[in-house]
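Working notes, beginning with the structure itself.
The values are calculated or read from the model by the stated rules, or taken from the named source; none is laboratory data. What you are looking at is a predicted structure, and each value in this text was computed from that prediction instead of being measured. Note that each Cβ is placed from the backbone with ideal geometry, even for glycine, and that neighbours are counted across all protein chains shown.
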Amino acid sequence: MKNSTLVMVSAILLGACQFTATAAEKKYGPGVTDTEIKIGQTVPYSGPASAFSSYGRVMAGYFQMLNEKGGINGRKVTLISLDNAYSPPKALEQTRKLVEDTEVLADVGTVGKISQSE
């Protein structure tokens, strides 16, 4: 009887230790770590709507200021801004690159459209 009690207590302790280790692992979405938040956008830095490129530069400046003040809850915000040339196929390609290759948390402040259909 003592052996079965010892086995049962050991199993409970082992399960509790495993649960504690699993709970201690911090799991965030793509683009987020304990020190960084990666977000992305596509802006027409070239092409027929390149006048809107200032929008991308203003957002980059905002996040630079935010990071100089300590970021968001101590996390640095990295804005990855790519040129979409105000072309739907290019915008789709760049957005796919942000999501699949760079693994950003979100696509924010994009100027342009991804689809040619209206």
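What's the number of the only condition in (1) modelled with pLDDT under 95; (2) exposed (fewer than 15 other Cβ atoms within 10 Å of the Cβ); (3) in a helix (DSSP H, G or I); (4) under 18 Å from the mean Cα position of the chain (by Cα) that residue 34 fails to meet?
Among (1) modelled with pLDDT under 95; (2) exposed (fewer than 15 other Cβ atoms within 10 Å of the Cβ); (3) in a helix (DSSP H, G or I); (4) under 18 Å from the mean Cα position of the chain (by Cα), the lone unmet condition for residue 34 is (3).
With respect to the numbered conditions (1) surrounded by 12 or more Cβ atoms within 10 Å (Cβ to Cβ); (2) at pLDDT below 95; (3) in a helix (DSSP H, G or I); (4) within 23 Å of the chain's Cα centre (by Cα), which one is the sole condition not fulfilled by residue 23?
Condition (1) is where residue 23 drops out.
Picking from 70, 56, 47, 112, which residue would you name as being more than 17 Å from residue 30 (Cα to Cα) and in a helix (DSSP H, G or I)?
Details: 70 fails: in a helix (DSSP H, G or I); 47 fails: in a helix (DSSP H, G or I); 112 fails: in a helix (DSSP H, G or I).
None of the other options fit; the residue is 56.
Taking the condition of being out of contact with any Phe, Trp or Tyr (no Cβ under 8 Å at 6 or more places or on another chain) and surrounded by fewer than 20 Cβ atoms within 10 Å (Cβ to Cβ), how many residues in region 88-112 meet it?
Residues that pass the stated criteria total 16.
Do we have residue 85 as of a type in the set (A, V, I, L, M) and either assigned to a loop (DSSP other than H, G, I, E, B) or exposed (fewer than 10 other Cβ atoms within 10 Å of the Cβ) (or both) here? Spell out how you get there, then give the answer.
Numbers: of a type in the set (A, V, I, L, M): yes; either assigned to a loop (DSSP other than H, G, I, E, B) or exposed (fewer than 10 other Cβ atoms within 10 Å of the Cβ) (or both): yes.
It is true that residue 85 is of a type in the set (A, V, I, L, M) and either assigned to a loop (DSSP other than H, G, I, E, B) or exposed (fewer than 10 other Cβ atoms within 10 Å of the Cβ) (or both).
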